There are 6 protein chains.
Amino acid sequence: MSFTIERVKTWIPGLDELLNGGIPKRNVVIITGGPGTGKTILSQHFLYNGLVRGEASVYVSLEEHPVQVRRAMATFGWDVKKFEEEGKFAIVDAFTSGIGEAAKREKYVVKSVDDVGELIDVIRMAIKETNAQRVVIDSVSTLYMTKPAIARNTVMQLKRILSGLGTTSFLISQVSVTERGFGGPGVEHAADGIIRLDLDEYDGQLLRSIIVWKMRGTAHDMRRHPFDITDKGIIIYHDKVFKSHVM
Amino acid sequence: MSFTIERVKTWIPGLDELLNGGIPKRNVVIITGGPGTGKTILSQHFLYNGLVRGEASVYVSLEEHPVQVRRAMATFGWDVKKFEEEGKFAIVDAFTSGIGEAAKREKYVVKSVDDVGELIDVIRMAIKETNAQRVVIDSVSTLYMTKPAIARNTVMQLKRILSGLGTTSFLISQVSVTERGFGGPGVEHAADGIIRLDLDEYDGQLLRSIIVWKMRGTAHDMRRHPFDITDKGIIIYHDKVFKSHVM
Amino acid sequence: MSFTIERVKTWIPGLDELLNGGIPKRNVVIITGGPGTGKTILSQHFLYNGLVRGEASVYVSLEEHPVQVRRAMATFGWDVKKFEEEGKFAIVDAFTSGIGEAAKREKYVVKSVDDVGELIDVIRMAIKETNAQRVVIDSVSTLYMTKPAIARNTVMQLKRILSGLGTTSFLISQVSVTERGFGGPGVEHAADGIIRLDLDEYDGQLLRSIIVWKMRGTAHDMRRHPFDITDKGIIIYHDKVFKSHVM
Amino acid sequence: MSFTIERVKTWIPGLDELLNGGIPKRNVVIITGGPGTGKTILSQHFLYNGLVRGEASVYVSLEEHPVQVRRAMATFGWDVKKFEEEGKFAIVDAFTSGIGEAAKREKYVVKSVDDVGELIDVIRMAIKETNAQRVVIDSVSTLYMTKPAIARNTVMQLKRILSGLGTTSFLISQVSVTERGFGGPGVEHAADGIIRLDLDEYDGQLLRSIIVWKMRGTAHDMRRHPFDITDKGIIIYHDKVFKSHVM
Amino acid sequence: MSFTIERVKTWIPGLDELLNGGIPKRNVVIITGGPGTGKTILSQHFLYNGLVRGEASVYVSLEEHPVQVRRAMATFGWDVKKFEEEGKFAIVDAFTSGIGEAAKREKYVVKSVDDVGELIDVIRMAIKETNAQRVVIDSVSTLYMTKPAIARNTVMQLKRILSGLGTTSFLISQVSVTERGFGGPGVEHAADGIIRLDLDEYDGQLLRSIIVWKMRGTAHDMRRHPFDITDKGIIIYHDKVFKSHVM
Amino acid sequence: MSFTIERVKTWIPGLDELLNGGIPKRNVVIITGGPGTGKTILSQHFLYNGLVRGEASVYVSLEEHPVQVRRAMATFGWDVKKFEEEGKFAIVDAFTSGIGEAAKREKYVVKSVDDVGELIDVIRMAIKETNAQRVVIDSVSTLYMTKPAIARNTVMQLKRILSGLGTTSFLISQVSVTERGFGGPGVEHAADGIIRLDLDEYDGQLLRSIIVWKMRGTAHDMRRHPFDITDKGIIIYHDKVFKSHVM
């Protein structure tokens, strides 16, 4: 077969090993899991690993103030200010609606997230100006939390713009701690890939695990693996299998 | 009994063995399963196997851009462009609504999938012009995802046109990862056949299996079998039984 | 007790043995089960067995084109055309709404199934003109699928006319593959009898079973039995018990 | 304690033994269970046993034609016509709405069951004219099947009139085959007593059992017992315990 | 710690032992359980034990006619008429709406329970005139059965008046036989205490048990105990533990 | 890494040990659990421990009268009046709506909790005037109990003001006794931390346990621990693991 797949390496310890070398370029990947599972950290780790290797990126923040995002990343030693100043990293502020002193210093602000069109316009601008190759949206669930009927359509619109502009993207999908799904049928089937993070209690002990459920365009590892969150980010034990009786 | 059933061979390794030789002609078969189970690949494999043996076919794309469909098929070595040029293969673009440069090059475009009548008109035209014998609709779930009350009626309308024009068709029905059903009572009972693909986790390992739940007009295999997705498509291990404790 | 029950034999191998000789005359019996369980075949077998023994019958088709019904019955060697020509068998076409060339050749056509009154009028006429003693409605679920509130009332209206005209009838009730009920409380309690068909997976193997859950006016077998669908129709192994852990 | 409870004997074999001698007079007792469990037969048996011992009674029929009720009771050897002619038994026809030839011969007809006031007026008249001491309403579920919000209020209204007129009554509450409740919180708590009939499958065998869940004004048996439906009615094996793992 | 808790003894055999001596004064305690669990008897026992020791009390009846309440209490030897004549006991009639001859003899009548304001006014008057220290509302569930959105608010309003007037009160919360909760989050969290009564079937035998789930202002027993309903009321076996596998 | 996290010690025996020394400053922490689990006591303990060490604090009371809050805290020996007089502690009365004599003596009163804007204004004023560093809202569930669609937005608004003013806060989230979640996806994901309290029955015995499910900005203990409520408040056995089979 003469067809070669272009891959984007995550450079997260252990993750590329699960993906046959990396994520097929332009794939829109759902990062899903309950609260406290590490979705945001994994996604920020993915972006920062690109930045230090010369790949520009965009982080769309719907859950936290941009100031808080920079601070949170810094706790892992990921200093993004330098890259912002170089025009290689952008935070799209879809949190403050532009209200507040700190918000006035942000370059990419979405006035209303109820207007998906405006959100997409700002994201497009940020991608083009930074020439971003990696994008994270944290989270997409926020966009349709109270309107599940529009979930699929929203993801589809994002997919068209993100894939169309050539980026490889992570879409964070929040599920409830008791839910074993990935965010609903509209979201699960629309995504090119699904990576699930879990935090489960066994015998009074919380354990972290990760599994690649789906990845279009490539073979991928078919096992669940333990992982840790350290002060340097995510470490996946790709050579260990996490055996569970759940799902 | 003087009555002989006309069968359509899938030529997918192991599948015809489960179907007593093939799918009874004109049957409308639901291909159902959760995200990442391989429904699209199985359906594209079914079409391509017909094309190389001289049977024209139509692929109705509601989930992906036609350009992406061609690219995805090519990763399995299934080059459909040749057949499109010969007028033996058509992609019905029910994804772009005709918006975008690439879409302008598509021949069969559905402006609005909310209008099932328009969708059916375009499908009918594509079938007649290619003289298609095989049709895939990927997916029907999209047509009634937010309107379950119309599910049965939509499937019934498609069934009349697809069966009426003499084609044998696969309708992809997306279910959530946690759902054990096939897409709801209206869909399950309306279909002539149901083939279920599963992806289940056992002891930290994802395993694929397939079962023919129903096939009107023929006896069929009554066991669950393991299968693989390779770089050449689907391989079903029809002589191995997949024993599970699920469902 | 001087009271003697008049019974209608099904002549389906093994079934009358479960019913203490047959179905009490005028009973309205729900035939229920998931997709692919054989409800339609059992019901058609019931009608054809009457036809060849001189009992006229009516088949009300809400799921398939009458042409398709005749063809499907023929695959089991049940040629109903002869009986239609003799005026002893009638198909009520509640599928096409009278649209299409083939439909114009049908004698009993229901224009709109949303109008239960019209449906009942056509059924009454077909029963009277054929002097039918057996009736099948395939399926009643279709009549209230999106309107569960009218389920009981619809079944009650059918019961009055079917029982009032002296026929013994099968009403097919479709349930989802995951549902263990019989079609909802309104339907379950209104029926004179309930026969349940099941298709369950055990260790990767699909198995068929049948159980008579309820039959007014007679004692009946209280066990679950395996059955097969052969190219001659249904065979029930009335002397074998199907042991399960379900329900 | 100087207080003596007046009891109404059911004279159903084995049942009074479970009730410390009988049902406290004026109690309104819910008879509940799934389809085919024998609720109607138990209730008719209760009435007939009173009739032959000189206690007048009223049967309110919401599910069957009065003609059918008489016929069904006759299959157990319970000939009620004699008692109707003597003015000691009355069937309240809440089924036909007074439509049809046979209905014109009925004395107590409820035109519309949507009007609980009218139903109660007719029941009151029937009780007063027959001087009834036992009443059965078959079923109360029908009165609020599609309007659960009015369930408690309906039962409360019936309770006031039935208890107020000094009758001891059975209210049949239909539940779905898969439901382990007794008809909803409004009904369960409003009733003076709850007797549950069950039909469960164990190892492919249907088994009948009965349990008195609640009976105000008296101690009662606290065990589940097997029972049979014979051609002479209900027989409860009050000295055998039915052990199950359900509920 | 100089703070001493004032306690109200229930004088129900075994109950004060579970409550470290009694219920903290002014507490509003939910008595919850399915049908037939003994909620009403426990509550009436609580009131009567106060009456014979000189503590006035009020019983708010939403489920039964006041005449029936007096009669039911008398079956346990609890003659409340004497206390009513002495002005030390009052039944608030929230059942008859003042309709009927017997109701005209009642002193405290609530015309409409849909008007919580009126209910509260009548309760306040009854408490003040009797100088009640104990109050039972049987049941609060009735007040919001069909309007769950107002449950918390209703309980909050009652809590303010009952606690504000210095009474210690039992609010009966009816749950369905299959529900393991206590009446919904609004009710469970608003109450100062929760006492749960259960009736469960084990091996064909109904068993009664009680557990104090919560009691603000005091330590309490943390075990489930068996109890009986005798002809003298409730007896709790506080030194026996009821081991179950439920909840 | 040059970045140092500022931590707020809870000084609750055993809790700081689970939090790697304390809660990261400005974190908004959900305290969640069923009725009777000790959420309010834990939160009041957190505040009082700050008060005696010189940290001002605010308690927002939506469930109880401020008078009752002071009284309840006093039962643990936590006398807050002194601190109120010194202007170091404030109770925001979001319970009485300013109605009643006692309420008139309260300084911080919220007229209507339906108006989140007013609530936030009063909280801001109380924080500023006391210079509070710790805040408890008991409970946030009350704010959206009947309006789940606004849950996330309400928590987000509170988070902005509480974190923005530099306080470290506990938000009490009430869940039903049968619910294993933390208050819904909108709440679970918006919070910086989640501490879950449980009360579960094992073999007839109620047992208390606590687990830190999530805490942004710090590593934390990953085990479930038993804890007690004593007359001096909460004691967590941080060196014992509570093994369960739940969740």
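The values are calculated or read from the model by the stated rules, or taken from the named source; none is laboratory data. Everything quoted here is computed from the prediction, not taken from an experiment. Here the Cβ is made from the backbone with ideal geometry for all residues, glycine too, and neighbour counts use every protein chain on show. To get the accessible areas, we keep the full protein, side chains included, count just its heavy atoms, and leave off ligands, DNA and RNA. Shrake-Rupley method; radii C 1.70, N 1.55, O 1.52, S 1.80 Å.
Here are a few things to note about the model shown:
- Scoring E:214-225, B:147-158 by mean Cβ neighbours within 10 Å over their residues and listing the highest first yields E:214-225, B:147-158.
- Legend: mean number of C-beta atoms from other chains within 10 angstrom of residue C-beta atoms, peptide D:175-183, equals 6.
- Proportion of all alpha-carbon pairs of the protein assembly as shown beyond 70 Å (%): 12 percent
- Remark: segment E:131-145, residue by residue, has Karplus-estimated 3J(HN,Hα) of 6, 5, 10, 10, 9, 10, 10, 10, 10, 6, 4, 4, 5, 9, 3 Hz, where x stands for each Gly or Pro and the curve is 6.51 cos²θ - 1.76 cosθ + 1.60 at θ = phi - 60°.
- Separation between Cα centres of segment E:118-142 and segment B:61-115, rounded to whole Å: 73 Å
- Ranked by how many other beta carbons lie within 10 Å on average, peptides C:98-109, E:184-195 from highest: E:184-195, C:98-109
- FRET efficiency for the E:Asn153 to C:Arg105 pair, using the beta carbon distance and R₀ = 60 Å, is estimated at 0.35.
- Here the relative contact order of chain E, from alpha carbon pairs under 8 Å that lie six or more residues apart, stands at 28 percent.
- Residue-averaged [θ]222 nm for chain A, counting only DSSP H segments that reach four residues, each worth -39500 (n - 2.57): -8000 deg cm²/dmol
- Burial of 30 Å² or greater, segment B:196-211 residues [accessible area, probe 1.4 Å, versus chain by itself]: B:Leu199, B:Glu201, B:Asp203, B:Gly204, B:Gln205, B:Leu206, B:Arg208
- Label-point separation in nm, D:Glu86 to C:Ala219, each point 7 Å along Cα→Cβ: 3.0 nm
- Over all pairs of different C-alpha atoms, segment E:37-164 has a mean inverse distance whose reciprocal, the Kirkwood radius, equals 14.8 Å.
- With R₀ set to 60 Å, the beta-carbon distance separating F:Asp239 from B:Arg71 gives a calculated FRET efficiency near 0.55.
- Remark on B:Tyr202: its backbone amide H falls under 5 Å from those of B:Leu207, a criterion applied only to residues 5 or more positions apart or on other chains, H modelled at 1.01 Å from N.
- Dipole moment magnitude, nearest 20 debye, the protein assembly as shown about Cα centre, only Lys, Arg, Asp, Glu C-beta charged: 60 debye
- Peptide C:130-143 shows a mean partner chain C-beta count of 1 within 10 Å per residue C-beta.
- Peptide A:68-75 has a mean of 3 when you count, residue by residue, the C-beta atoms of other protein chains within 10 Å of its C-beta.
- In this structure, the residue pairs whose Cα-Cα separation is over 31 Å, taken from B:Lys240/C:Lys232; B:Lys147/C:Lys128; C:Lys82/C:Lys111; E:Lys159/F:Lys9; B:Lys82/B:Lys159, are B:Lys147/C:Lys128; E:Lys159/F:Lys9.
- Accessible surface of the protein assembly as shown [probe 1.4 Å, protein heavy atoms]: carbon and sulfur percent: 50 percent
- When only Cα pairs below 8 angstrom with a gap of at least 6 residues are kept, segment C:162-219 shows a relative contact order of 23 percent.
- Long-range amide H partners of D:Val92 with built H, under 5 Å: D:Tyr59, D:Val60, D:Ser61
- Expressed to the nearest 5 percent, the antiparallel share of DSSP beta bridges inside segment B:7-236 is 40 percent.
- Rounded, prolate or oblate (a/c below 1.5 giving rounded, otherwise prolate when a/b exceeds b/c) for segment E:153-247 by Cα gyration tensor: prolate
- Most positive-pole-ward Cα, B:Ala103, B:Asn131, B:Phe182, against dipole of segment B:7-236 from beta carbon charges: B:Asn131
- Net charge dipole, segment D:191-247: roughly 260 debye, given to the nearest 20, about the Cα centre with Cβ charges of +1 for Lys and Arg and -1 for Asp and Glu.
- Over all orientations, chain B has a Cα convex hull whose mean projected area works out to 13.7 square nanometres.
- Each Lys and Arg contributes +1 and each Asp and Glu -1, all at the Cβ; summed about the Cα centre of segment C:7-236, the dipole is approximately 700 debye.
- Amide H partners (placed H, <5 Å) of C:Lys25, local residues excluded: C:Glu6, C:Arg7, C:Val8
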